[in-house]
1. Is it the case, given these coordinates, that residue 21 is assigned to a helix (DSSP H, G or I), of a type outside the set (Ser, Thr, Tyr) and touching a Ser or Thr at 6+ places or on another chain (Cβ under 9 Å)?
2. So residue 201 ticks every box in (1) closer than 28 Å to residue 131 by Cα; (2) surrounded by 20 or more Cβ atoms within 10 Å (Cβ to Cβ); (3) modelled with pLDDT of 95 or more but one. Which box is left unticked?
3. Please pick out the residue among 184, 134 that is surrounded by 14 or more Cβ atoms within 10 Å (Cβ to Cβ), more than 24 Å from residue 298 (Cβ to Cβ), among the hydrophobic types (A, V, I, L, M, F, W, C) and not assigned by TED's automatic domain parsing to the domain that holds residue 247.
4. Residues of region 153-171 being surrounded by fewer than 22 Cβ atoms within 10 Å (Cβ to Cβ) and either charged (D, E, K, R) or out of contact with any strand residue (DSSP E or B) (no Cβ under 7 Å at 6 or more places or on another chain) (or both), which ones?
5. Take the residues in region 208-221 that are under 15 Å from residue 257 (Cα atoms) and of a type outside the set (D, E, K, R), then tell me which one is modelled with the lowest pLDDT.
6. Condition first: of a type outside the set (S, T, N, Q), at pLDDT 90 or above and exposed (fewer than 12 other Cβ atoms within 10 Å of the Cβ). Now tell me which residues in region 84-119 satisfy that.
7. Residue 111 fails exactly one of the following numbered conditions: (1) in a helix (DSSP H, G or I); (2) under 29 Å from residue 255 (Cα atoms); (3) under 22 Å from the mean Cα position of the chain (by Cα). What is the number of that condition?
8. Restricting to region 137-152, and then to whatever is surrounded by fewer than 19 Cβ atoms within 10 Å (Cβ to Cβ) and not acidic (Asp, Glu), can you tell me which residue is farthest from residue 278 (Cα to Cα)?
Amino acid sequence: MDRLDDMIAFIRVVESRSFTAAAERLSLSKSVVSRRLTELENRLGTRLLNRTTRSLSLTPAGQTYFERARAILADVEEAEQAVAELGRDPRGLLRVNAPMSFGVLHLAPAVADFMSRYPKVELDLELTDRFVDLVEEGWDIAVRIGRLRDSSLIARRLAPSRLVTVASPAYLARMGTPELPEDLTEHECLLYTTLANPSVWPFRVDGDVRSVRVQGRMRVNNGDAILEAVRAGLGLAVLPTFMTHADLRSGRLVTVLDAYEATDFAIHAVWPHHRHLSPKVRAFVDFLAERFGPVPDWDLGLRAVSTVPADGPLP
């Protein structure tokens, strides 16, 4: 314990830039804090602080020790917090970000059940197709669909995200049905502008990715608007089955190019890289995984998908 006390005293002195301020934070006398720093330096056999009457500064050895000691202290504090929270009901404000289309269709109904199950949790839910920075903007968790890019986040797969190329029967009767991916160059395609390259649609053919450059008069940054345009017979689009399943089952829309398989995409819950996961975040992630995975309701009875969008978030 003496070593830990000396370490804590050193960290507080560095953070406070003052022996007096550190002593006040620790509820100790200035002489006790000074003695602990001296004993620490004697034990380590090196000077950690440069002291003058007006300032304190770290030596190179002190900088190294400070960084390691602060990490150790954080581990100790998080271990105590984790034990203290064992058995505690999820509670407090939970800030969640999710894509608009998925949020309206599937997350909002799920949230109602979650709030009923955990009455001590308050929820701040934002639905937007804007890509948010969880750390900078203070979000606890986000639902993301597509390829994950941010390695600073922890992710848990919730469900597959299956994609289909869809059109209305009226459009196909008027313009014909594409048989090969290259046939799309002769068709009106609806472009989702949130993707990195909306005009390039990749397909998997015999195990290889074949990219086709498409064109169209309508470019939209919202999946629901694209879906409405497809229903109206304005063209073809690549959309996830979590949006199109009802139209496909009713025959209002049909899929094309079903012979071409897609690479795997998924719906993930992501959260900042903290070593300790709060009960409210853990409860929400577990709830979503139970609700949507491993085979979501919207995929039941639908055929396998055929197309893959360019890198980027999905509607």
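The values are calculated or read from the model by the stated rules, or taken from the named source; none is laboratory data. This is a predicted model, so every value here is computed, not measured. For neighbour counting, all protein chains shown are included, and Cβ atoms are generated from backbone atoms with ideal geometry for every residue, glycine included.
1. Considered against the rule, which asks whether it is assigned to a helix (DSSP H, G or I), of a type outside the set (Ser, Thr, Tyr) and touching a Ser or Thr at 6+ places or on another chain (Cβ under 9 Å), residue 21 comes out as no.
2. The number of the failed condition is (3).
3. 134
4. 156, 157, 168, 170
5. Residue satisfying both the conditions and the ranking: 209.
6. Listed by number, the residues that qualify are 109, 112, 113, 117, 119.
7. (2) is the only condition that residue 111 fails.
8. My answer is 147.
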